[in-house]
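Data block below; observations after.
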Amino acid sequence: MAGDQILPFLDFLQKELLLFASMAFLIGAVDDLLFDGLWFFHSLKRKLFVYSRYKRATVESLSIPASECRMAIFVPAWREAPVIGAMLRRCLQQWTVGKYRIYVGCYPNDAETVAAVAAASTGRARIRLVMCQRYGPTTKADCLNHLWDALCRDEIEEQTNFAAIILHDAEDIVHPEALRLFGHLIGKAALVQLPVIPRRAKGSRWIAGHYGDEFAELHGKQMVLREALGAAIPSAGVGCAFARDALQKLSVQTQGKPFDASSMTEDYELGLHLTSGEASGIFARFRDRHGQLVATQEFFPDKLEDAIRQKSRWMAGISLSGWDRLGWENSWRENWMRLRDRKASFAAIVLAIAYIAIILMGILLLADLIGSYHLQPVSQFLRILLFLNGGFLMWRLLMKCYFVFALYGLREAFLSIPRTIVANMINIMAVWRALSQYMDQLAGQPARWEKTSHFYPDEENIKQLRPQYAVGDRG
């Protein structure tokens, strides 16, 4: 291509890329606006016809049926020595009543984690160390299946069954009333999911902070409406309880392995399997007597590489493999929710195209400024698209600010606006890694447990983690 043709070509390419991105953004924006409208309608209906007639219950006022008190907590652990001991000790401190047992899965080639679990469980019958048969890392699902086997053996020996299996990660900060809430609700659904509240280390306002922005809206709006529409509830993998009978039925169909070791997002898939069709799931947003949500808190990755690794696994497992592994259902509600789950990878690619168009625009404006090229005007149709998308972008940022404000306060709400760019860049980098992982899986390579570093605060810092929920509960 001759030198005098490069800038006209870049001008043409920039407008084509911008047109494609604008069309894709508009479709996504209409989808989001429809979802937001339904959420507003659901929230208003509950305020007018439910909360106006009944006083909102606190978790302390809930009863636990005697037959549903025994619970098993599964904690898979691979190279979690820095956090697992503190996490287990806090669980025992918080959950002083009730019948429960914590099953911790470790590997024979991870002596440090085994030692940390052994030290935390010394003299404590409520913690049971379970050794996986193979060297790690295998997959998180494989570790969970070992814990399931250990639970089944214990039930046979003790001649009594557990009512629920609760999943937690080694870095989770549990709520003292979580078991009471699980005990009250587990007899009513196959899955009970609590909200997840991401926390960030002081030095990671941008990387770790963007998780809080995403989960504030995900668990403040999307999961709430998903349950209201009657769609299946995906498990977040932490702070969730599965009915023991439901898991047993699935285990019979999967040769005693209810957790799919070939999946990169076994928790997400398991939730959909257990709560689709006639089964049901509950997304539980309850407050305690102090006005705080009964939720699971944890510190999310604070390094760029770890965030990309984690996001790529979510994209590969949900957005890409989900099409193959889960397919679609005979329900518009279910298919709509699954489509929303699976559009993340495509959205990241569209974002990358949009950023390329912006960079090209900067080059062309510079060329126009110095007089080496005259920028061609934008078509009327593209102007309309840009105007509409600008308005929808303002709406999206406003919605995000609202939910972040409700969970973390005004400062974090304002920070969520520039953090949107950080989140976009992380998602763009993660999608290319996710595509590589997906291609490897199609080629027959087994899934592996991709470890991210974890952080657990000391007791003094834990006391400062209670979010100040500034806006009334919308659940």
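The values are calculated or read from the model by the stated rules, or taken from the named source; none is laboratory data. The model shown is predicted, which means the values in this text are computed figures rather than measured ones. Here the Cβ is made from the backbone with ideal geometry for all residues, glycine too, and neighbour counts use every protein chain on show. For accessibility, only protein heavy atoms count, side chains too; no ligands or nucleic acids. Shrake-Rupley method; radii C 1.70, N 1.55, O 1.52, S 1.80 Å.
For the stretch 212-229, state whether one or more residues are touching a residue at least 40 places away in the same chain (Cβ under 8 Å) and not in a helix (DSSP H, G or I). No; the residues of the stretch 212-229 include none that is touching a residue at least 40 places away in the same chain (Cβ under 8 Å) and not in a helix (DSSP H, G or I). So, V471, is that one surrounded by fewer than 19 Cβ atoms within 10 Å (Cβ to Cβ), within 30 Å of F286 (Cα to Cα) and modelled with pLDDT under 95 or not? Here the answer is yes, as V471 does meet what is asked.
The one condition from (1) open to solvent by 30 Å² or more (accessible area, probe 1.4 Å); (2) over 17 Å from the mean Cα position of the chain (by Cα) that E334 does not meet is (1).
Number of residues in the stretch 48-85 that are under 22 Å from L144 (Cβ atoms), out of contact with any Ser or Thr (no Cβ under 8 Å at 6 or more places or on another chain) and in a helix (DSSP H, G or I): the value is 4. In the set I197, I207, I186, only one residue is of a type in the set (V, I, T), in a loop (DSSP other than H, G, I, E, B) and in contact (Cβ under 8 Å) with a residue 40 or more places away in the chain; that residue is I207.
Residue by residue, here is whether (1) under 16 Å from P76 (Cβ atoms); (2) modelled with pLDDT of 95 or more holds:
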position: C91; (1), (2): yes, yes
position: Q94; (1), (2): no, no
position: V97; (1), (2): no, no
position: R101; (1), (2): yes, yes
position: T113; (1), (2): yes, yes
position: R124; (1), (2): no, no
position: V130; (1), (2): yes, yes
position: R134; (1), (2): yes, no
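T296 meets all of the listed conditions (1) in contact with a His (Cβ under 8 Å, 6 or more places away or on another chain); (2) free of Cβ contacts under 8 Å to residues at least 40 places away in the same chain; (3) not small (G, A, S) but one, namely (2). Taken over the stretch 153-177, the criterion of being open to solvent by 30 Å² or more (accessible area, probe 1.4 Å) and either of a type in the set (S, T, N, Q) or without any contact (Cβ under 8 Å) to a residue 40 or more places away in the chain (or both) is satisfied by R153, I156, E157, E158, Q159, T160, N161. Among the criteria (1) closer than 15 Å to I73 by Cα; (2) in contact with a Gly (Cβ under 8 Å, 6 or more places away or on another chain); (3) polar (S, T, N, Q), the one N109 does not fulfil is (1).
Among the residues of the stretch 276-295, those identified as open to solvent by 30 Å² or more (accessible area, probe 1.4 Å) and more than 24 Å from N335 (Cα to Cα) are R285, F286, R287, R289, H290.
Quick one: E298 ticks every box in (1) outside any strand (DSSP E or B); (2) open to solvent by less than 30 Å² (accessible area, probe 1.4 Å) except a single one, so which number is it? So the condition that E298 fails would be (1). If you go through the stretch 247-275 and keep only what is of a type in the set (A, V, I, L, M) and open to solvent by 10 Å² or more (accessible area, probe 1.4 Å), you end up with L250, V252, A261, M264, L274. Within the stretch 418-439, being farther than 29 Å from H168 by Cβ and open to solvent by less than 70 Å² (accessible area, probe 1.4 Å) holds for P418, T420, N424, I428, L435, S436.
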